[in-house]
Every structure is written in structure tokens, then in C-alpha cells.
Amino acid sequence: MQETSNNPWPSDIDGPIVFIVDSISRTEKYLLEKAIRDNQPKGASFHIAQRQLRQTSNRKRRASSLLLELTKSNDNPYFVPLRICWQTRTQEGNHGVSLRDLITGNREYPSPFQQKIRLRKDRNSYSISIGLGATLSQLKEACAQHAHKHGSNQDLVKFIDRSAFLALEKTERLTKGARYKIPQLLSDEVIRKPAVIEALSKISESSGRSMDSLIKEAKLCLNEMSAKPNMLGTDMAAALGRFMYTRGFDKNIDFAEGDIDRIRKLLKEKPVAFLFTHKSHMDGFLLMTIFHDQNLTPLHLFGGINMNMPGIGPILRRAGGIFIRRSFQNDPVYKVIFKNYIDYLGEKRFPLMWALEGTRSRTGKLMPPRYGLINYVVSAHMRDDAPDLILMPVSITYDQVPEVADYDALQAGGKKRPESTSWFMEYISGLKNPHGKIHVRFGEGVPISEYIDHNNRTPQTRNIQKIAFELAVDANNATPITVNSLICYVVLEHGHKAITFSELNTDINELLSLIKLLNFSATEDVRNLDEAGIRKCLEELGTTGVIDIFNDGIESVYMLPSGGGRTAAYYRNGLIHFFITSAIADMALLAVSETGDEAIAQFHNEALKLRDMFKYEFFFEGSSAFIVLLEKELELRAPNWRDSVRQGSKPTRKLLAGITPILGHGTLRPFLEAYLVLARALRMQAVGEVSDPKALINHALTLGKQRVLQKRIHCEESVSGSYFENAIKIAESLDLLKAGDDAVAGRQRWLEDLRETSANVRFLASMADAKRLQVRTQLEK
């Protein structure tokens, strides 16, 4: 292949040469023709065919009489494509194209006017890209192979244009990088696929519709859903994402060491789909910016058709946005095109991206993955010769989330604000507060070959569920613990009681020891945390109102603001999945009343009971694997736990009192109290069937607010719509929403069980408080 060069004349070529000049302006045409003539060897024969290969697809390219004539030549001419490659800030080593660059014209393909300005400033502001050349005989052979593969005749002149265009794109990427790799000639590549023609033929036979009408509809479907990425669009999306996150966050995004290189290597080897944890409206733009700045192949982002709104919609589409209908089960043509479009993107190594949970988490905790897109994308890759698809979870963790106030209002029963262009502009203008850092982590990845059989064209629901579960576990394991999540864990554990810095620091250091002991994922800020780092984060949390800081006393104290529990819980919930197993172990130890093997069995049974209670909140392994993990963590926290448990209740409680830190109450109490409120609201319902879960949630919200005022709930965090939704799932699984005496009796039993479990949580809290009092008393002596 010819490299980008200032000398466009190919060497060691016998016979006439045909330069296919891809120019979009008179300036480019002049520069290319001048370069050809300035470097022309004496006596060489050549032709120049001016083409506009980069023009938009909705304008038909004019036929070339010169190329048509040359294809009939007996001299076997050699065809060489050329193009002007304009330099950008990205190529010069800067960190991407900014919004200012886009406005001033410092972008990939400047306008004809901007081209002249650049040349006046710097005559060396461009280079010449030379694509891989080929003889006429080679092109004829390749054209015939292409026609055979796609089952249709191929015009030779159009094929030469196509080959020249793709050769230039490939050469240009060597200079400009993978960030500008975009799909070309999309309609021809997808609509003409043999699989598409075969599927449309079957639809034609069953429906009686003509192939012409079906192909026309297929093109409309492809045009509606498909991304239309171009270099300007990818630059704009990356610049917008950079502008958004740098307004309120540290400009240096935190990655795990080696992650970017690992992903770069993977993108070259296999088709990859990235599924990100969804916390903010910024997520998609952020990842587009990261991939652009790290010179990775651009992402194709799935979005609902409702996101194709004026203003932002066209920007997203030109940056790789794929807009799909909410439902297309009953549209066979749409399904065929969607499947083959996804297959085409995977085959050409264009990575896909969408939100693992389908929507933003309103609680800070990972929500259950949505199966729909996983199913469609996996189905698209289920053919014998398809390379293995890697589903890669991406954890995005913000020190603070700009939308957290909206989430708090929704959990308290408020209504979601409608999304629009004006709303989006208002959102961007509000990104001003210091929100700390952004931490991005890539998971290990889930190869679909480990869960599906390529010989079966339709993936089984059970296999999709397994894939989704593994993605969720992988995403959680990759999510790092942040300093803010540690602070909020401690503050929430104390409820609305103010604590000193010394008390806060002591509790955080106990958690840090546990994180190190159990080798949980954490940011570098956490691993190198000192008092100065804690104070810095406290000030930032105080500035944004997450915590209250009282400085007028003998010493500063920190506490939850009135009504601020759900906001702090959002950040605390970013780490809670790491503590859940040990928290259940703490609670299960309280159930021990027997001795010997019976005591161990009691411990296991109670742990499994609690695991089942919280199965809608967290992602647990199977029962046996869960017990193995439970015992492994407890072995590290209390090496002689088996001996104490076998001796019965008192030694077991003494063992528990010696464990530092105790996690059961700080981790489980918010959810238990939420379930208890919902259970009370359910018992207060009429004996008939509960047909309106939303009305029951609203009742629970009202009841919960009352119990907060009565100080009968530790913190208003438990008055949360999302927590109540999971409580309803538990009630449904227990058949408590049905009518009848059995359901009424079951509601009462459920309420009593929750009361008993809540009492155990309060006991653990009092045990932890007693330990703190003992430490404080010793320090004061």
C-alpha cells in the first residue's frame, strides 16, 4: 500500500496510469493536479479522473465518461485514488477537536472558504492520501467476485468508484486514526446482503407483496434506524461531551491501568458491544468523547426513536446514534433490516453501545438489565461463520451526579420532567458545580459463545438471562468504591445524628481495612486516602448540599440535611453491592440458637432466607456458590467463626461483637424499613385483590413520610418509590396481592417477619454504637 505522501506518483508501474482524484472543491482539485504534474516522470502516460467520492448518499454521483472509456482499454491501465488530507488539532497531538474548532473551521473536512484561509496561513496544512492502486484486470476480477457474493450484477465504473473510496478511507485512517473509521456505502452493503434478499423473498411468498415494494420498505426502515456518522458528526459529539463533563468535573477521567490498551486490542480482534451503567444524561456523550480522544473506533449508540428530537437528534445520528422503535415485533421487514444491520456493524468491527439497565438508575444501585437489545444483538450474531461477540460492561461512576436532585424528587413521588431540546440546553447550562471526578472501568467481558449455540438461530430466553446476569455481576465487580460513597455510607449509618470528623474518620478507616482485606475494587483516591482527602470531599459534598456541615461549635460536625437521605444514599449505593454478602452474614449470625452442626445449618438457612428477601435488590450467585462466598468472607473477617457458632448463641454474639466493622445495619436497614412500610400499607388495604400497585406505592409514600416525622424510621431514604417497587415484587412472589383469607393472613405473617428482622438490624446498630462508645471512652481517659 502506498503511504500518505507529498509525492503522489506511483513507482514501478508499466503502462498508463489513471489518477482518480477525489476532490470536493476547486482548491483540492488544483492542489492534487499540481502535485501530479510537479512529480510527473518524463514520458509517462497518465489520465486524471475528477470524482466526488465523499458526496452525500442522497445525491447521485455523476457517471464518468472517462472511466467508462478507460474500462474498455486494452492497455490494462493502473488506477490510483488520491485525496487531500487536511490536518487537525487531533493529528497535531492535541486532545481532540473543540467546539471552537468546529465553529472556526479547524475540522476534518473544512469548507472551501476555510481551505483557502488555511493555505494562506500555512502552505503545509495538508498532505496527500494515496489509496492502494490496482490494474484494470484486477478490478474486473474483484468486481466479478463481489457480484457473485452478493448475487447481483455490478457496474464496473461504480465498482471502481467504490474501491477507490474505500481504499482512500483505509489509507486515511493510518494518518487520522481509528476515531474516524465510519461505515460507508451502508445501503448497498445491507440491502444487498443475500440474507436480506432471502428473508424478503420469504416475506413476499407469505404476504403476496412484490419484492420491489419490500425492498423499498426495507430501505426506508434502514434509513429510519441507521446512524449516519461522518467525521464532522463524531467531532461534534466528542466536543459536546468534552464541553459537558469539563464544566463540572475534573478534566482528567480516571481509568484502570491498562484498560484502554486492552479495549483497543479487543476492538481489532472481535466484534464488541459496550453496555454501560446508566447514571446520567452525560453517559453516552462521555463514552463517545472517551473513544474519540483515545483514538478508538467510534461507537454506535442505541437510542429510542423519541430521542430523535430536533437539534440533538441530528447530532447524535451523525455521531453514530441508532434510533429504534420501541416495539417492532409485528413488523417483519423492520426486524429483518435491524438484525442484518447489526450483523453488518459487527462484521465490519463497528462497536455498539447501549445502557445495560435501559434507563438511568434513580437509586445509584445497578438495576436489573433489560433483555431486549441483548436478545436482538445476540440473535444477529448467531450464524455459523460469525466471529464471537463480546458483550463488555462499562461502569461509569461519578463522584457526584448532576441529576441527583431530580432522582430524589422522583423517589419521593414526584413526576419525571419531559425531555426536549430546551430541557437539554437547560441541563447543559446547569453543569457548573464542582462534582469531582469521573471514574470509568471496563469489565472482563462476556463472550456469547459460552452461553449460546450458533447452530440454533434463536437464542433461548434462559441463555439471555444468564448473559444478562453475568453482565450485571461483571459491571458491579468493575465499579470502584469512591471516597464519597464511603463518606455517605458512614453518615447514613448514623442517620440524622451529627458526628465529628474523628468519628467519621475512624469509621472510614475501618471500612478501608475491610476493602483491603476483601480486595474490593476502589479508586486510587480511596487507596491513598488520608485526612486531607476526606476533608476535601466533605467540603465538596457540603457545597452541593449532600451533607450539612456545622462549624460554629467546639469542632465541626457533619450530618444529613433534613430530607437529604435519598441523595446521600445514591452515592452510598455505589458500593453497597460489595458489602451485601458480609452484611447478610452479620444478620444470619444472630439467628444461631442451637449448637454443633445444627448451629451451622441455622446460620446457612438464615443467610439463604435473607438472600431470597433481597434478590430484587442485588445480584446473587446460586445458593451453593453464595454460601461458599459467605463463608470465605467471614473466614477473613473472623477466622475462628465456626468454633464460636458451634458453641451456640452467646459465643456467636460475642464473635459478632468483635467483628470490625459490623455491616448488617448500615447495609440492610434502608431496604428492610422500606419493605416494612410497604407491608404495613398492604395490611391496611381492603381484603380484596390489589389491582393498582401504583396506588399502593403512593399509600406507602404517605405512610413513610408520617413515620419519618414520628422518628420511627431511621432515615427518609427508606421512603423511596424504587424500594417500594421491589417490596411489591416480594409481595407478588408470596401471593399477597390476591384476594382471600390466605392472602390476608399471609400479609400479617410477612409484616411480623419483617418486624423481627428489623429488630435484629436495630440490635446490630446498638452493638456498633456500644463499640464506638467504648472506643471514645478509652480515648477520653
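The values are calculated or read from the model by the stated rules, or taken from the named source; none is laboratory data. Worth saying up front: this structure is predicted, and the values here are computed from it rather than measured. Glycine gets a Cβ as well: all are built from the backbone with ideal geometry, and neighbour counts include every protein chain shown.
What helices (runs of 4 or more DSSP H) completely inside region 281-383 contain at least 3 residues that are crowded, with 22+ Cβ neighbours inside 10 Å?
Fully inside region 281-383 and qualifying: 283-293, 332-347, 372-380.
If you take the residues of region 643-675 that are of a type in the set (Gly, Ala, Ser) and over 17 Å from residue 761 (Cβ atoms), which of them is surrounded by the most Cβ atoms within 10 Å (Cβ to Cβ)?
644
Results for (1) surrounded by fewer than 18 Cβ atoms within 10 Å (Cβ to Cβ); (2) over 30 Å from residue 661 (Cα atoms); (3) in contact with a helix residue (DSSP H, G or I) (Cβ under 8 Å, 6 or more places away or on another chain), shown as yes or no for each residue.
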site	(1), (2), (3)
692	yes, yes, no
709	yes, no, no
713	no, no, yes
716	no, no, yes
723	no, no, yes
748	yes, yes, yes
762	yes, no, yes
766	yes, no, no
771	yes, no, yes
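Restricting attention to region 534-554, which residues are touching a residue at least 12 places away in the same chain (Cβ under 8 Å), in contact with a helix residue (DSSP H, G or I) (Cβ under 7 Å, 6 or more places away or on another chain) and either surrounded by fewer than 14 Cβ atoms within 10 Å (Cβ to Cβ) or of a type in the set (Val, Ile, Thr) (or both)?
534, 546, 547 - these are the residues of region 534-554 that are touching a residue at least 12 places away in the same chain (Cβ under 8 Å), in contact with a helix residue (DSSP H, G or I) (Cβ under 7 Å, 6 or more places away or on another chain) and either surrounded by fewer than 14 Cβ atoms within 10 Å (Cβ to Cβ) or of a type in the set (Val, Ile, Thr) (or both).
State all residues of region 110-140 that are exposed (fewer than 13 other Cβ atoms within 10 Å of the Cβ) and either within 27 Å of residue 161 (Cα to Cα) or in contact (Cβ under 8 Å) with a residue 40 or more places away in the chain (or both); if no residue qualifies, say none.
Those that are exposed (fewer than 13 other Cβ atoms within 10 Å of the Cβ) and either within 27 Å of residue 161 (Cα to Cα) or in contact (Cβ under 8 Å) with a residue 40 or more places away in the chain (or both): 111, 112, 113, 137.
Within region 230-239, is there a residue that is without any contact (Cβ under 8 Å) to a residue 24 or more places away in the chain and either among the basic types (Lys, Arg) or closer than 22 Å to residue 297 by Cα (or both)?
no
So, restricting to helices (runs of 4 or more DSSP H) that lie completely within region 390-489, which ones have at least 1 residues that are surrounded by 15 or more Cβ atoms within 10 Å (Cβ to Cβ) and modelled with pLDDT of 95 or more?
Once the helices (runs of 4 or more DSSP H) in region 390-489 are filtered for at least 1 residues that are surrounded by 15 or more Cβ atoms within 10 Å (Cβ to Cβ) and modelled with pLDDT of 95 or more, what remains is 461-478.
Looking at 379, 361, 422, which is the one that is in the same structural domain as residue 335 (by TED's automatic domain parsing), small (Gly, Ala, Ser) and closer than 30 Å to residue 524 by Cα?
361 is the lone residue from the list that is in the same structural domain as residue 335 (by TED's automatic domain parsing), small (Gly, Ala, Ser) and closer than 30 Å to residue 524 by Cα.
Quick check on region 211-246: of everything there that is crowded, with 16+ Cβ neighbours inside 10 Å and among the basic types (Lys, Arg), which residue is farthest from residue 200 (Cα to Cα)?
Among those residues, the one meeting the criterion is 242.
Just to be sure I understand, how many residues within region 262-280 are outside any helix (DSSP H, G or I) and among the β-branched types (Val, Ile, Thr)?
Qualifying residue count for the region: 2.
Cβ-Cβ distance below 8 Å, separation of 6 or more or different chains: which pairs start in region 748-770 with a residue that is touching a residue at least 24 places away in the same chain (Cβ under 8 Å) and over 15 Å from residue 588 (Cα atoms) and end on one that is among the acidic types (Asp, Glu) and buried (at least 18 other Cβ atoms within 10 Å of the Cβ)?
Close Cβ pairs satisfying both conditions: 768/493.
Out of region 541-582, which residues are more than 17 Å from residue 716 (Cα to Cα), over 28 Å from the mean Cα position of the chain (by Cα) and aliphatic (A, V, I, L, M)?
Once the filter is applied, which keeps residues that are more than 17 Å from residue 716 (Cα to Cα), over 28 Å from the mean Cα position of the chain (by Cα) and aliphatic (A, V, I, L, M), region 541-582 yields 549, 554, 557.
Return only the number of the condition from (1) surrounded by 11 or more Cβ atoms within 10 Å (Cβ to Cβ); (2) at pLDDT 80 or above that residue 45 does not satisfy.
Going through the list (1) surrounded by 11 or more Cβ atoms within 10 Å (Cβ to Cβ); (2) at pLDDT 80 or above, residue 45 breaks only (1).
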